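Structure first, then comments.
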Amino acid sequence: MFVGLGAVVAIGGKNQESSQDSSELPEGGDESFLDVPLECVEIAGRSMLERMLERLVAIGVERVSILVEAKNSARIPPFRTSYSNVAVRVVRDLYPAMTQELAHFSQDEISHAFVSSANTYVEADLLDLFCFHREARRDVTSTFDKEGSLDLWVVDCARAQRGDLETFLHDASQDGAPKYFIRDYVNRLVDPRDLRRFATDILSRTCETGPSGQQMRPGVWMDDKAEVHRRARIVAPAYIGYASKVKADALVTRLSNIERDCCVDSGTVIEDSSILANTTVGICLDLCHAVASGNKLRNLERDVTVEIVDPNVMRFSSPSSKAANSNGRSAVDEVVLRKTQMPETWQLNNLIQE
Amino acid sequence: MPTRAPVIVMELPERLNHVEAKSFLNELEPLLQNDRPSVVLDCSQIKHMDSAGVEMLLYCLEQAMKRDGDLKLAAVSPASAVIMELMRIDRLFEVFETAEDAVRSFQLVAPPTTLQTQPWYATPQGLTDLKAAG
């Protein structure tokens with residue numbers, strides 16, 4: 001008997017843990033730091049969304065629908081690989097669109113589908129999960145790990161479209177319904193701290209997914225067109241992204257990742273930090289235990305976000321022409337920072353006078 | 001008998017931009033002209049700092065050190081600490097949680113020092129150590 005398998009991945013939804021108290025946004029959380037959904041942020045060359053797609057495609061999922069809310073439509077990251085069976089749809093409301101998508105799957109004889117939130121990265125054996133679901137003979141199978149429920153389900157497409165999908169999935173997480181326990185690597189991407197953890201896990205090979213680019217020497221991955229000055233020092237493990245530059249006397253150390261189109265200027269130290277795409281870090285600075293994007297700096301040790309107005313210190317850099325490809329739209333270059341009032345936001349003007 | 005000037009505690013303004021920094025420096029600079037000035041800057045009110053503010057702090061530290069004194073910071077917020085770390089100026093200052101702690105640090109009595117006129121091995125203790133070492 002033919003069994004079709006599809007997947008619906010939603011961007012912009014919070015995971016279950018945070019959705020219960022979503023009105024209480026933690027101070028200086030991801031919303032105040034980045035205008036891009038965290039799952040769309042590239043880490044070691046590829047976003048969490050793309051890494052999840054890779055896993056779905058690898059097990060032979062016939063069709064993947066990525067649903068993105070209109071407000072995030074311009075922020076879908078460029079995929080490094082072109083997928084013929086992946087479609088991106090911009091929608092107003094996620095749940096009705098997911099229901100509609102499952103109906104389309106059902107019409108096209110795709111009987112089962114994975115439904116997941118893009119900010120839940122799971123390295124479980126998805127085929128085993130699917131077999132578990134089929135053997136349980138239920139409409140939906142939810143998943144959980146040692147920390148609780150996960151935003152990943154397997155659903156029967158025909159049955160899932162009958163009622164309200166949100167209730168349908170929620171009920172599946174209640175007691176009595178079959179649940180699949182995931183022992184493997186899981187990352188619930190809720191705030192920049194999780195982003196940083198994902199980077200360290202990738203670089204230290206704690207998870208299966210690895211950095212993009214080539215391993216130039218043990219533990220040092222460099223993507224195409226990355227330039228490292230001969231007087232700069234890169235301490236493994238580290239990642240230098242596409243077309244990024246690390247200038248003379250700079251030091252990149254302790255599981256740091258420099259994403260695409262970044263520049264680390266002379267004499268600057270990047271330690272235990274993630275420099276997100278299109279960020280230029282100025283001369284002779286110390287950037288430690290932080291996630292930096294454009295002119296914003298999230299210090300994870302002190303749990304504070306700092307906005308730096310002086311372009312000599314930190315700024316957005318223009319993306320290289322080949323950064324985006326045909327499948328997705330360039331995400332980061334279209335980011336416009338909101339003027340939000342944050343309690344711990346600092347503005348630093350003209351800090352370096354040359 | 002050598003004496004030390006009293007510790008001066010000053011609260012930095014909420015905005016430490018060019019104008020405020022200049023005005024603050026006008027108040028502080030005469031005090032930095034004392035012999036061995038001991039200054040504590042309370043940073044608890046700072047909400048905004050620009051290059052002029054950072055330069056002012058470095059200038060004050062330099063002036064204090066020229067006269068064998070010191071300038072210490074107190075109640076530095078996490079955001080300002082991040083900026084200072086980023087700019088590598090955090091290690092130049094002693095930082096305390098409260099102004100009281102900073103003042104107390106100036107008042108700690110330093111151990112008495114004696115002028116060393118003889119080489120260490122000429123002292124009885126030095127000879128003992130030398131013999132013990134074989």
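The numbers here are math on the coordinates, done by the rules we state, and not lab data. Computed from a prediction, not measured in an experiment: that's the story for all the values here. Every residue, glycine among them, receives a Cβ derived from its backbone with ideal geometry; neighbour counts consider all protein chains shown.
Numbers for the structure displayed
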{"quantity": "Residue B:100-residue A:318 FRET efficiency (beta carbon distance; Förster radius 41 Å; 0.05 resolution)", "calculated": "0.25"}
{"quantity": "Neighbouring partner chain Cβ atoms per residue of B:50-56, average, 10 Å criterion", "calculated": "4"}
{"quantity": "Computed FRET value (nearest 0.05) for residue B:58 with residue B:107, which takes r as the C-beta separation and R₀ as 41 Å", "calculated": "0.95"}
{"quantity": "Number of partner chain Cβ atoms within 10 Å, mean per residue of A:296-306", "calculated": "4"}
{"quantity": "Length gained when the stretch residue A:131-residue A:216 is fully extended (0.36 nm per residue, less Cα-Cα span)", "calculated": "26.6 nm"}
{"quantity": "Two-site label geometry, residue A:284 and residue B:89: point separation in nm, points 7 Å out along Cα→Cβ", "calculated": "1.3 nm"}
{"quantity": "Order by protection proxy (mean Cβ within 10 Å, highest first), peptides A:66-72, A:288-294, A:246-252", "calculated": "A:288-294, A:246-252, A:66-72"}
{"quantity": "Segment B:6-69: GluC sites (Glu not before Pro) falling in loop per DSSP and having at most 13 other Cβ within 10 Å", "calculated": "B:14"}
{"quantity": "Net lengthening on full extension, residue A:147/residue A:301 (0.36 nm per residue, minus Cα-Cα)", "calculated": "53.1 nm"}
{"quantity": "Mean Cβ neighbour count within 10 Å, used as a protection proxy, ranking A:43-51, B:69-77, A:222-230 highest first", "calculated": "A:43-51, B:69-77, A:222-230"}
{"quantity": "Size of charge dipole - segment A:85-190 - debye, nearest 20, with Cβ of Lys, Arg +1 and Asp, Glu -1, no other charges", "calculated": "80 debye"}
{"quantity": "Net charge dipole size for segment A:106-166 [Lys, Arg +1 and Asp, Glu -1 on Cβ; Debye, nearest 20]", "calculated": "240 debye"}
{"quantity": "Residue mean of other protein chain beta carbons inside 10 Å, B:80-92", "calculated": "6"}
{"quantity": "Rel. contact order, % - alpha carbon contacts under 8 angstrom, at least six apart, segment A:66-163", "calculated": "29 percent"}
{"quantity": "Label-point separation in nm, residue A:235 to residue A:248, each point 7 Å along Cα→Cβ", "calculated": "2.3 nm"}
{"quantity": "Relative packing of peptides A:104-116, A:271-283, A:232-244 - highest average C-beta neighbours within 10 Å first", "calculated": "A:271-283, A:232-244, A:104-116"}
{"quantity": "Inter-site label distance for residue A:58 and residue A:227 at 7 Å from Cα along Cβ, in nm", "calculated": "3.4 nm"}
{"quantity": "Under 5 Å, built H, 5+ apart or other chain: amide partners of residue A:245", "calculated": "A:227, A:262, A:263, A:264"}
